[in-house]
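A.B. asks: Dropping a structure here in structure tokens format, bear with me for questions.
Just so it is clear, none of the values below were taken in a lab; they were calculated from the coordinates. It should be emphasised that the depicted structure is a prediction, and the values quoted were computed from it without experimental measurement. We place every Cβ from the backbone using ideal geometry, glycine too, and count neighbours over all the protein chains shown.
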Amino acid sequence: MFNYPGNIHIHSCYSDGSGNFDQITIDAKSAGLSFVIISDHETLTGLPEEGVQNGVNVLVGVEINRSQNHYLALDLDQLIKSDEQNPQQVIDRVKKEGGLGFIAHPFEKGSRYIEKGKAYPWKYWPVFNFDGLELWNYTSHWRGRHPSLFKTLYYFFFNRKAAMDSPPREALQLWDCYNNNGHRITAIGSSDAHASLYKLGLFKVTVFTYRYIFKTINTYIVLKEELSENYHTARKQIIGALRCGCCFISFDSLYAGNNFYYYAKAGSNTVLMGEQVNFQEKLALFIKAPKTRSMLRLLRNGKIISEKEGKELKFYPEQAGVYRAEVYFCPRLGRPRPWIYSNPIYILPA
Ligand SMILES: [Zn+2]
Ligand SMILES: [Zn+2]
């Protein structure tokens, strides 16, 4: 098994981000990323720049819709038009074109201290046929965390990690609900990086530089073979892993998620996230954390069924269900912090 970190949902100067692809990939390389997915608003202008740049695989998608119902679409070669009033149409068009679609920051709350409280949630429910959900979006989550100006400034200047408490509870519930009803939705974590420039008197200040934000919330793909050095093969591997849910989210500001593993063993067969296996005797689930001081959790159909402090958890399931893993980072002082969220392994009846 091989894990590769990537940053999803990045804005470049082709929409409202500040950097070009060269700057973005230099910063991605320095953050140790294997791939980036750039998804500018309502444009695929960057598509001809797909390839390996500065040692990083660059994929170009698009963020469709503007004032609400933002939808991230990947693996498209032509632009799908926005339709904010009927986002199911957008989802269906992306699917029809063979693309891969994710509902972006569905429960964004906004902050009255940032952009005058403007927020861009997903307002249209229920929808079907989408492939994934952006469970944890750094920029969006940051906005919604500030009950007062004092706290906003405190978090920003002194304790940015504390601003990220956990993915929104509503997003976790929604994800579990779709999965428990047979829809198999891939959860991703993203940055929504813009590296926006703000004027402060005579100075221009960049809030959350690409270099900074590429070490916050990342999505790791998990492959059975190494990521190819040939771009076209690597692109297929990355899209394939996201399409089937063979990936996990890590809040890398706490600690890099590189050595996280979650899989099932059925005899000599190894079952990865996003895959299914029929219930059988001696079927075992394994969670392995990247560091010893961790709290490991196994959930079945969204409910905790096993919890343990340490580095490894082994569990023999007794029934079919949707099984996913969570890992909490245990600091020397203070409470465990939400850190890693796996996609599920689906155990079917015998
Ligand atoms: Zn958005
Ligand atoms: Zn965005």
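A.B. asks: Spelling out what I want: for every residue of the stretch 69-82, take phi, set θ = phi - 60°, compute 6.51 cos²θ - 1.76 cosθ + 1.60 (Karplus), and round to whole Hz; glycine and proline get x.
C.D. replies: Using θ = phi - 60°, the values come out as 6, 5, 10, 8, 10, 10, 6, 10, 10, 9, 5, 9, 6, 5 Hz.
A.B. asks: If you don't mind, another one. Apply the Karplus curve 6.51 cos²θ - 1.76 cosθ + 1.60, θ = phi - 60°, to the phi angles in the stretch 99-106 and return the couplings in whole Hz, x for Gly and Pro.
C.D. replies: Karplus values, whole Hz, x for Gly and Pro: x, 10, x, 10, 6, 8, 4, x.
A.B. asks: Given 25 °C and 0.890 mPa s, how large is the Stokes-Einstein diffusion coefficient of the chain in µm²/s, with Rh as the Kirkwood radius over Cα pairs?
C.D. replies: In µm²/s, the coefficient is 120.
A.B. asks: Tell me the angle of helix 169-180 to the major Cα principal axis of the chain, expressed in degrees between 0 and 90 and rounded to the nearest ten.
C.D. replies: It is inclined by approximately 50 degrees.
A.B. asks: Relative to the longest principal axis of the chain, what angle (0 to 90°, nearest 10) does the C-alpha long axis of helix 87-96 take?
C.D. replies: Approximately 70 degrees, to the nearest 10.
A.B. asks: Shifting gears a bit: Between the stretch 18-42 and the stretch 263-319, how far is it from one alpha carbon centroid to the other, in angstrom?
C.D. replies: 33
A.B. asks: Suppose R0 equals 45 Å; then what is the FRET efficiency for Asn159 and Glu281 from their Cβ-Cβ distance, rounded to the nearest 0.05?
C.D. replies: 0.40
A.B. asks: Using the Cα gyration tensor of the stretch 1-152, with a ≥ b ≥ c the square roots of its eigenvalues, what is the shape: rounded (a/c below 1.5), prolate (a/b larger than b/c) or oblate (neither)?
C.D. replies: Verdict is oblate for the stretch 1-152.
A.B. asks: From the gyration tensor of the Cα coordinates in the stretch 270-325, what semi-axes in whole Å does the equivalent ellipsoid have, largest first, with each one equal to sqrt(5λ)?
C.D. replies: Equivalent ellipsoid semi-axes, largest first: 20, 12, 10 Å.
A.B. asks: If you count the DSSP beta bridges with both ends in the chain, what percent of them are antiparallel, to the nearest 5?
C.D. replies: 75
A.B. asks: Additional query: Using the Kirkwood formula over every pair of different C-alpha atoms, what hydrodynamic radius in Å results for the stretch 243-336?
C.D. replies: 14.0
A.B. asks: Sticking with this one: Give the relative contact order (percent, whole number) for the chain; include only Cα pairs under 8 Å separated by 6+ residues.
C.D. replies: After rounding, I find 14 percent.
A.B. asks: Only counting other Cβ atoms within 10 Å, I'd like Ser148, Ser82 sorted with the fewest neighbours first.
C.D. replies: Ser148, Ser82
A.B. asks: Across the stretch 232-239, in residue order, what do the Karplus-derived ³J(HN,Hα) couplings come to in whole Hz, using 6.51 cos²θ - 1.76 cosθ + 1.60 with θ = phi - 60° and x for Gly and Pro?
C.D. replies: Listing the rounded values in order: 5, 5, 4, 4, 4, 5, 5, 4 Hz.
A.B. asks: Which whole-number percent is the relative contact order of the stretch 261-348 (Cα, under 8 Å, 6+ apart)?
C.D. replies: Contact order relative to length: 31 percent.
A.B. asks: Work through the residues other than Pro338 whose Cβ is under 12 Å from its Cβ and net out their charges, Lys, Arg +1 and Asp, Glu -1.
C.D. replies: With Lys, Arg at +1 and Asp, Glu at -1, the neighbours total +3.
A.B. asks: So what's the net charge close to Leu197: Lys and Arg +1, Asp and Glu -1, counting the other residues with Cβ under 11 Å from its Cβ?
C.D. replies: Combined, the nearby Lys, Arg, Asp and Glu give +1.
A.B. asks: Where does the charge balance sit around Val58 when Lys and Arg score +1, Asp and Glu -1, over other residues with C-beta under 15 Å from its C-beta?
C.D. replies: Within the 15 Å Cβ shell, the charges total -4.
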